[in-house]
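The values are calculated or read from the model by the stated rules, or taken from the named source; none is laboratory data. Predicted, not measured: the structure shown is a model, and the values here were computed from it. Note: ideal-geometry Cβ built from the backbone for every residue, glycine included; neighbour counts use all protein chains shown.
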Amino acid sequence: MFNDIGALELVTLVVLAVLVFGPDKLPKVIQDVTRTIRKIREFSDSAKQDIRQELGPEFKDFEFEDLNPKTFIRKQLDNDELGLKEIRNGFDLKKEMAEVTDAVHGRDPEPSSSGSSSGSSSGSGRVDMSKKPEQPGKTDKPAADDRPPFDMDAT
(Lines give C-alpha, C1' and ligand atoms only; values in the text may rest on other atoms or scores of the structure.)
Protein backbone atom coordinates (compact mmCIF):
# COMPACT_ATOMS: atom_id res chain seq x y z
CA MET A 1 0.00 0.00 0.00
CA PHE A 2 2.78 2.41 0.92
CA ASN A 3 5.51 0.98 -1.29
CA ASP A 4 6.56 4.31 -2.76
CA ILE A 5 6.88 6.34 0.46
CA GLY A 6 10.45 7.20 1.34
CA ALA A 7 11.99 7.93 4.75
CA LEU A 8 11.70 11.71 4.38
CA GLU A 9 8.03 11.48 3.45
CA LEU A 10 7.34 9.17 6.39
CA VAL A 11 9.02 11.59 8.81
CA THR A 12 6.97 14.44 7.32
CA LEU A 13 3.74 12.47 7.85
CA VAL A 14 4.66 11.72 11.47
CA VAL A 15 5.45 15.38 12.16
CA LEU A 16 2.16 16.46 10.56
CA ALA A 17 0.23 13.89 12.59
CA VAL A 18 1.82 15.14 15.82
CA LEU A 19 1.01 18.74 14.88
CA VAL A 20 -2.60 18.00 13.87
CA PHE A 21 -3.63 15.58 16.64
CA GLY A 22 -1.15 16.51 19.35
CA PRO A 23 1.11 14.15 21.27
CA ASP A 24 -1.66 13.29 23.74
CA LYS A 25 -4.31 12.13 21.24
CA LEU A 26 -1.97 10.57 18.67
CA PRO A 27 -1.78 7.06 20.25
CA LYS A 28 -5.59 6.90 20.45
CA VAL A 29 -5.92 7.99 16.80
CA ILE A 30 -3.38 5.35 15.70
CA GLN A 31 -5.31 2.65 17.59
CA ASP A 32 -8.59 3.74 16.01
CA VAL A 33 -7.09 3.74 12.51
CA THR A 34 -5.52 0.29 12.91
CA ARG A 35 -8.77 -1.09 14.36
CA THR A 36 -10.72 0.30 11.40
CA ILE A 37 -8.25 -1.15 8.89
CA ARG A 38 -8.43 -4.54 10.64
CA LYS A 39 -12.26 -4.50 10.50
CA ILE A 40 -12.22 -3.61 6.79
CA ARG A 41 -9.82 -6.48 6.05
CA GLU A 42 -11.95 -8.94 8.03
CA PHE A 43 -15.08 -7.78 6.19
CA SER A 44 -13.30 -8.14 2.84
CA ASP A 45 -12.01 -11.63 3.68
CA SER A 46 -15.44 -12.81 4.81
CA ALA A 47 -17.06 -11.40 1.65
CA LYS A 48 -14.50 -13.23 -0.50
CA GLN A 49 -15.11 -16.45 1.40
CA ASP A 50 -18.89 -16.08 0.96
CA ILE A 51 -18.49 -15.54 -2.78
CA ARG A 52 -16.26 -18.62 -3.08
CA GLN A 53 -18.83 -20.72 -1.21
CA GLU A 54 -21.65 -19.47 -3.44
CA LEU A 55 -19.69 -20.22 -6.62
CA GLY A 56 -19.25 -23.84 -5.64
CA PRO A 57 -16.42 -26.38 -5.77
CA GLU A 58 -15.69 -25.90 -9.49
CA PHE A 59 -14.36 -22.41 -8.68
CA LYS A 60 -12.18 -23.41 -5.73
CA ASP A 61 -9.04 -22.13 -7.51
CA PHE A 62 -10.69 -18.78 -8.31
CA GLU A 63 -8.61 -15.77 -7.31
CA PHE A 64 -10.05 -12.27 -7.18
CA GLU A 65 -6.77 -10.85 -8.46
CA ASP A 66 -7.55 -12.60 -11.77
CA LEU A 67 -10.34 -10.09 -12.32
CA ASN A 68 -7.75 -7.39 -12.87
CA PRO A 69 -7.40 -7.10 -16.66
CA LYS A 70 -3.60 -6.88 -16.59
CA THR A 71 -3.31 -10.00 -14.46
CA PHE A 72 -5.85 -11.85 -16.60
CA ILE A 73 -4.04 -11.06 -19.86
CA ARG A 74 -0.61 -11.84 -18.38
CA LYS A 75 -1.88 -15.19 -17.13
CA GLN A 76 -3.45 -16.06 -20.49
CA LEU A 77 -0.31 -15.10 -22.44
CA ASP A 78 1.89 -17.16 -20.13
CA ASN A 79 -0.37 -20.15 -20.72
CA ASP A 80 1.18 -22.10 -23.61
CA GLU A 81 -2.01 -23.83 -24.81
CA LEU A 82 -2.22 -21.51 -27.82
CA GLY A 83 1.43 -21.91 -28.82
CA LEU A 84 2.12 -18.19 -28.45
CA LYS A 85 5.64 -18.77 -27.15
CA GLU A 86 6.60 -20.48 -30.40
CA ILE A 87 5.19 -17.60 -32.40
CA ARG A 88 6.90 -15.04 -30.17
CA ASN A 89 10.25 -16.84 -30.40
CA GLY A 90 9.96 -17.30 -34.17
CA PHE A 91 9.39 -13.62 -34.83
CA ASP A 92 12.53 -11.50 -34.93
CA LEU A 93 11.49 -7.87 -35.29
CA LYS A 94 15.03 -6.54 -35.70
CA LYS A 95 15.73 -8.97 -38.54
CA GLU A 96 12.47 -8.10 -40.27
CA MET A 97 13.14 -4.36 -39.97
CA ALA A 98 16.68 -4.83 -41.32
CA GLU A 99 15.31 -6.70 -44.34
CA VAL A 100 12.76 -3.96 -45.02
CA THR A 101 15.42 -1.27 -44.67
CA ASP A 102 17.72 -3.12 -47.05
CA ALA A 103 14.91 -3.50 -49.55
CA VAL A 104 14.07 0.20 -49.39
CA HIS A 105 17.69 1.26 -49.82
CA GLY A 106 18.29 -1.30 -52.56
CA ARG A 107 21.03 -3.18 -50.73
CA ASP A 108 21.50 -6.90 -50.85
CA PRO A 109 20.29 -8.55 -47.65
CA GLU A 110 22.79 -10.16 -45.31
CA PRO A 111 23.05 -13.92 -45.78
CA SER A 112 20.66 -15.56 -43.35
CA SER A 113 21.50 -18.64 -41.36
CA SER A 114 18.11 -20.21 -42.08
CA GLY A 115 18.94 -20.93 -45.71
CA SER A 116 15.34 -20.60 -46.83
CA SER A 117 16.18 -19.30 -50.29
CA SER A 118 18.87 -20.39 -52.72
CA GLY A 119 19.93 -16.86 -53.62
CA SER A 120 17.21 -15.92 -56.11
CA SER A 121 15.28 -12.84 -55.07
CA SER A 122 12.17 -13.78 -57.04
CA GLY A 123 11.71 -17.08 -55.23
CA SER A 124 12.01 -15.58 -51.75
CA GLY A 125 9.00 -13.29 -52.12
CA ARG A 126 11.05 -10.09 -51.85
CA VAL A 127 10.05 -7.08 -53.85
CA ASP A 128 12.87 -5.24 -55.58
CA MET A 129 12.32 -1.60 -54.71
CA SER A 130 15.55 -0.27 -56.22
CA LYS A 131 15.37 2.21 -59.07
CA LYS A 132 15.94 0.70 -62.48
CA PRO A 133 17.80 2.61 -65.18
CA GLU A 134 15.57 3.91 -67.92
CA GLN A 135 15.18 1.76 -70.97
CA PRO A 136 16.11 3.40 -74.27
CA GLY A 137 13.21 4.19 -76.54
CA LYS A 138 10.72 5.12 -73.85
CA THR A 139 9.95 8.82 -73.91
CA ASP A 140 6.75 8.88 -71.82
CA LYS A 141 8.68 9.11 -68.53
CA PRO A 142 10.43 12.34 -67.54
CA ALA A 143 14.19 12.33 -67.22
CA ALA A 144 15.77 11.86 -63.79
CA ASP A 145 16.61 15.59 -63.52
CA ASP A 146 13.14 16.79 -64.51
CA ARG A 147 10.74 17.66 -61.76
CA PRO A 148 7.14 16.54 -61.91
CA PRO A 149 4.60 19.23 -62.78
CA PHE A 150 3.72 21.46 -59.84
CA ASP A 151 0.18 22.70 -59.38
CA MET A 152 0.08 25.85 -57.25
CA ASP A 153 -3.66 25.56 -56.61
CA ALA A 154 -3.44 22.00 -55.34
CA THR A 155 -1.30 22.87 -52.32
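So is residue 98 among the hydrophobic types (A, V, I, L, M, F, W, C) and touching a helix residue (DSSP H, G or I) at 6+ places or on another chain (Cβ under 9 Å) or not? Show your work before the answer.
Values: among the hydrophobic types (A, V, I, L, M, F, W, C): yes; touching a helix residue (DSSP H, G or I) at 6+ places or on another chain (Cβ under 9 Å): no.
Against the criterion (among the hydrophobic types (A, V, I, L, M, F, W, C) and touching a helix residue (DSSP H, G or I) at 6+ places or on another chain (Cβ under 9 Å)), residue 98 does not qualify.
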Those helices (runs of 4 or more DSSP H) lying entirely in the range 1-107 with at least 3 residues modelled with pLDDT of 90 or more and either surrounded by 12 or more Cβ atoms within 10 Å (Cβ to Cβ) or among the β-branched types (Val, Ile, Thr) (or both): 7-55
